[in-house]
Structures are given as structure tokens and as C-alpha cells.
Amino acid sequence: MSAIDPLTASRSTDQVLVDFRPAAERHCGVGFIPGSLGVPLPDDPAAAAQQLEALCGARIPVLVCTSGTRARALVQRLAPFLPEPPSFLEGGVLGWSAAGLPLCACRMAPAKPDPVEPRDLPRMLAACFVGELAEVSLDRDIDPLALLRLAFERAGQSYDEPAIDQLHRVLDHAALLSLELGTPLDRVAANLDRMIALLPPPAEPLSRSA
């Protein structure tokens, strides 16, 4: 079983932080780690292992919960069903915060008179993320808008007509791509906070898809 300390996890590019807490817990309480993917896993360990493999590919999944206790136990349950056991974040989100690393705000967006329309999300995301992506990719042959479209694809959503209950998943993938290109953690967290404040709370039953 491999525990990854927060500072090491924050610098790694070959791992994926998988926050398997329920959506309500992820977006309330202590908050969540920018660039982590919010994916509540099924109770069946074989199904959970299959979902992790599909989500992370060749990258190492690092399981995240609030304190690290549930993640450590889940690693033990998943180990027989994976070629290599996943890692877990030592100390969880609390340990990340104690290390002085940024978190996204712990709030559920209140109901708004004019909720975000799914068709508006690409424009809103472009305003938040494409400028950042362009800045960190100046010396590379990278199209920031193509990367934004990739975030929609990884979230299983149409760029032109995303499902409103899945917008938080698109944000997770956009944030992870931004981090992979070298955007500082605090700036990714600030962008996520701006976007989350405009969205309705994630739908708990639908957030269980990978």
C-alpha cells in the first residue's frame, strides 16, 4: 500500500487524484483539491477497480477522501482487482490543507433566478481557462481551445450541448488539463471557484458516472 504525501502529489504529473467522496461532501465541508476528479465509486470493488482503470489509463490513481482513512481502506479492498494497487493521499484533503496547498471553496451554489444554461458553459469556460492555457503553452504547439474541447470529451459531454448536471465533471477535467500544462495551483483553484459559484449543485445520483 502506497501513501503519497500532499507535497509530492501536488508536483506529480503521472498521477490522478480521484476524490471518491459523495458530491455533497466534496462540495461542502472542507472543500476539494483543484485538479482532482470527483468520481464517487461503486461499492463493489471489482466495479470500482474497472472504473478507475477506465478513468486513469496508464496514470496512477491516488484516492482522496477527507482524512485519508477511507482512502486507505479502499486501497486494500481494490488491490486484488488491479494489476497494481492504487495509492492514497496521506491525510486526505485535511492533510493537503495543512501542507499549505490551495483548496477550492467549500460551498454548494445556491439556487439562482437565472441559472446557467448548458449552451453557455463553453463560452464561460473559455473566459476562465483558455487565457490561462494560452499563457502556459506559448512555447508549445498546443491549441488551448482544442484542450478545452478535450476536457468536455473526457467528461463524456458534448461541447455544444453539455448536460447541466454534468458541468462539474467538465470543470474537473479542465482544471486537470490546466495543471498538467503548468498553471499554478492557486490560479486553477481561483478559476474553479469562479465557475462553481455560477453553477447549480451537482446532482448526486448522476455524479456516480465515471
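The values are calculated or read from the model by the stated rules, or taken from the named source; none is laboratory data. These numbers were taken from a predicted model, which means no experiment stands behind them. Virtual Cβ from ideal backbone geometry, glycine too; neighbours counted across all protein chains shown.
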Margin query: Give me the residue from segment 70-85 that is in contact (Cβ under 8 Å) with a residue 40 or more places away in the chain and in contact with a Pro (Cβ under 6 Å, 6 or more places away or on another chain) and, out of that set, surrounded by the fewest Cβ atoms within 10 Å (Cβ to Cβ).
Written below: ALA79
Checklist line | In segment 28-50, residue farthest from ARG77 (Cα to Cα) [restricted to those that are aliphatic (A, V, I, L, M) and assigned to a helix (DSSP H, G or I)] | finding: ALA47
Margin query: Testing ALA3 on (1) touching a helix residue (DSSP H, G or I) at 6+ places or on another chain (Cβ under 8 Å); (2) within 22 Å of ASP193 (Cβ to Cβ), one condition comes back false. Which one is that?
Written below: (2)
Item checked: Residue check for VAL62: crowded, with 19+ Cβ neighbours inside 10 Å, at pLDDT 95 or above and closer than 28 Å to PHE152 by Cβ -> yes
Checklist line | Scope segment 182-197; condition surrounded by fewer than 16 Cβ atoms within 10 Å (Cβ to Cβ) and part of a loop (DSSP other than H, G, I, E, B); matching residues | finding: GLY182, PRO184, ALA197
Note to self: I'm told SER158 meets every condition in (1) assigned to a helix (DSSP H, G or I); (2) out of contact with any Pro (no Cβ under 6 Å at 6 or more places or on another chain); (3) at pLDDT 85 or above except one. Can you identify the failing condition by its number?
What the structure shows: (1)
Notebook entry, point to check: Which of the residues belonging to segment 1-15 are of a type outside the set (Gly, Ala, Ser) and either outside the structural domain of ALA58 (by TED's automatic domain parsing) or touching a residue at least 40 places away in the same chain (Cβ under 8 Å) (or both)?
Noted result: MET1, ILE4, ASP5, PRO6, LEU7, THR13, ASP14, GLN15
Notebook entry, point to check: Can you find even one residue in segment 22-43 that is more than 22 Å from LEU198 (Cβ to Cβ) and among the small types (Gly, Ala, Ser)?
Noted result: no
Next item on the list: Identify all residues within segment 174-200 that are closer than 19 Å to ARG119 by Cβ and either acidic (Asp, Glu) or modelled with pLDDT of 85 or more (or both); write none if there are none.
Entry: ALA174
